[in-house]
1. When segment 230-279 is examined, which residues are found to be within 27 Å of LEU208 (Cα to Cα), open to solvent by 30 Å² or more (accessible area, probe 1.4 Å) and assigned to a helix (DSSP H, G or I)?
2. Please find, among LEU238, LEU280, LEU251, LEU264, the residue that is touching a residue at least 60 places away in the same chain (Cβ under 8 Å) and not polar (S, T, N, Q).
3. In segment 256-304, what count of residues is obtained for those that are in contact with a Ser or Thr (Cβ under 9 Å, 6 or more places away or on another chain) and of a type in the set (D, E, K, R)?
4. If I ask for residues that are open to solvent by less than 70 Å² (accessible area, probe 1.4 Å), among the aliphatic types (A, V, I, L, M) and either free of Cβ contacts under 8 Å to residues at least 24 places away in the same chain or more than 29 Å from GLY313 (Cβ to Cβ) (or both), which ones from segment 42-100 would you list?
5. For segment 266-279, check the following and say yes or no: at least one residue is aliphatic (A, V, I, L, M), modelled with pLDDT under 90 and over 26 Å from PHE201 (Cα atoms).
6. From the set of residues in segment 152-180 that are without any contact (Cβ under 8 Å) to a residue 40 or more places away in the chain and touching a helix residue (DSSP H, G or I) at 6+ places or on another chain (Cβ under 9 Å), which is least open to solvent (accessible area, probe 1.4 Å)?
Amino acid sequence: MHSDSPDVAGGGPDPAVSIRGLVKRYGNKTAVDGLDLHVRAGTVTAVLGPNGAGKTTTMETCEGYRRPDEGTVRVLGLDPVADAARLRPRIGVMLQSGGVYSGARAGEMLRHMAKLHANPLDVDALIERLGLESCGRTTYRRLSGGQQQRLALALAVVGRPELVFLDEPTAGLDPQARHATWQLIRELRADGVTVVLSTHFMDEAESLSDDVVIVDAGRVVAQGDPETLCRGGAENTLRFTGRPGLDLGSLLKALPDGSQAAELTPGSYRIAGTVDPQLLATVTSWCAQHGVMPDGISVERHSLEDVFLELTGKELRR
């Protein structure tokens with residue numbers, strides 16, 4: 001991929017994407033509510049948020065599919081609506097669903113897309129890279145969900161974009177295809193391409209991203225590199241799993257003052273506070289007294305999922 005990939009794109013100081021005060025309404029519902037966002041050129045930025053947070057609307061506005069009600073959006077220095085003809089040859093877009101003629105064959109679509117660009121990637125190499133060799137003559141409607149995802153990714157990158165928007169790029173993929181997609185994204189970044197991806201997979205965002213943006217209720221609630229976002233309180237977190245619905249009030253009474261206990265997802269518990277041998281002994285003693293077998297007990301740093309849940313107050317939903 002490196003030898004047949006674009007040169008560094010947009011490597012100057014200007015952001016690849018700049019959004020100021022974006023507002024987008026659908027009738028009486030405000031999907032995006034004064035959102036500010038800046039994406040550094042040549043980086044991978046993950047946009048996270050629960051369903052309905054405004055992620056897809058924001059990305060579709062950047063792609064020129066929706067017009068802002070208020071605010072300004074600039075992509076590679078251009079207005080995605082007013083300058084659409086100049087911008088579209090420079091970006092790649094992978095939609096979450098749709099956007100592909102269902103009766104066209106996979107190979108035909110990819111080769112047609114390549115011909116629309118002056119210097120496309122090698123189509124055969126891309127087909128092999130994404131494991132699409134067996135479905136080149138298959139119509140889009142007959143592809144599996146994973147094949148449709150991989151084809152959509154190929155269509156987004158075949159034109160050597162300076163910037164690519166990926167909406168849920170690994171949804172429905174098996175582990176092998178998922179990691180192949182991750183590697184392709186890393187190589188795009190290494191070649192100077194700016195990548196903006198929306199994902200529900202916290203490990204994906206944490207592994208791939210230079211910057212993470214967490215969106216809720218149409219606004220950015222946190223932004224930074226994964227290490228910085230996960231750093232707070234990381235050394236003072238104990239985790240274990242057990243049966244769902246433990247009496248955390250009773251557990252807190254046994255713990256030192258200032259401790260916190262939460263059930264993040266059913267049966268998954270996090271204790272925050274001064275984590276030392278005494279606290280560990282208190283937790284295991286309490287579990288023994290209440291007939292609980294704690295599994296996977298560990299002291300570890302905050303994960304990106306912890307940060308997400310703390311900021312949005314919602315479980316991850318797909």
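The values are calculated or read from the model by the stated rules, or taken from the named source; none is laboratory data. All of these numbers come straight from a predicted model, not from anything done at the bench. In this analysis, Cβ positions are derived from the backbone assuming ideal geometry, glycine residues included, and neighbour counts consider all displayed protein chains. The accessibility values were calculated without ligands, DNA or RNA, using every heavy atom of the protein model including side chains. Shrake-Rupley method; radii C 1.70, N 1.55, O 1.52, S 1.80 Å.
1. ARG231, GLU235, ASN236 - these are the residues of segment 230-279 that are within 27 Å of LEU208 (Cα to Cα), open to solvent by 30 Å² or more (accessible area, probe 1.4 Å) and assigned to a helix (DSSP H, G or I).
2. Working: LEU280 fails: touching a residue at least 60 places away in the same chain (Cβ under 8 Å); LEU251 fails: touching a residue at least 60 places away in the same chain (Cβ under 8 Å); LEU264 fails: touching a residue at least 60 places away in the same chain (Cβ under 8 Å).
Just one listed residue meets the conditions, LEU238.
3. 4
4. Our first condition is that a residue be open to solvent by less than 70 Å² (accessible area, probe 1.4 Å); within segment 42-100, this holds for 42-50, 52-64, 68, 71-73, 75-81, 83-84, 87, 91-95, 98, 100.
Imposing the further condition that a residue be among the aliphatic types (A, V, I, L, M) reduces the set to 44, 46-48, 53, 59, 73, 75-76, 78, 81, 84, 87, 91, 93-95, 100.
Residues satisfying the conditions are VAL75, LEU76, LEU78, VAL81, ALA84, LEU87, ILE91, VAL93, MET94, VAL100.
5. Our first condition is that a residue be aliphatic (A, V, I, L, M); within segment 266-279, this holds for 271-272, 275, 279.
Then keep just the ones that are modelled with pLDDT under 90; that gives 272, 275, 279.
Narrowing further to those that are over 26 Å from PHE201 (Cα atoms): 275, 279.
Checked against the condition, which is being aliphatic (A, V, I, L, M), modelled with pLDDT under 90 and over 26 Å from PHE201 (Cα atoms), segment 266-279 yields at least one hit.
6. THR170
Residues checked against (1) touching an Asp or Glu at 6+ places or on another chain (Cβ under 7 Å); (2) modelled with pLDDT under 95; (3) at negative phi:
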| position | (1), (2), (3) |
| --- | --- |
| SER18 | no, no, yes |
| LYS24 | yes, no, yes |
| GLU63 | no, no, yes |
| VAL81 | no, no, yes |
| ALA104 | no, yes, yes |
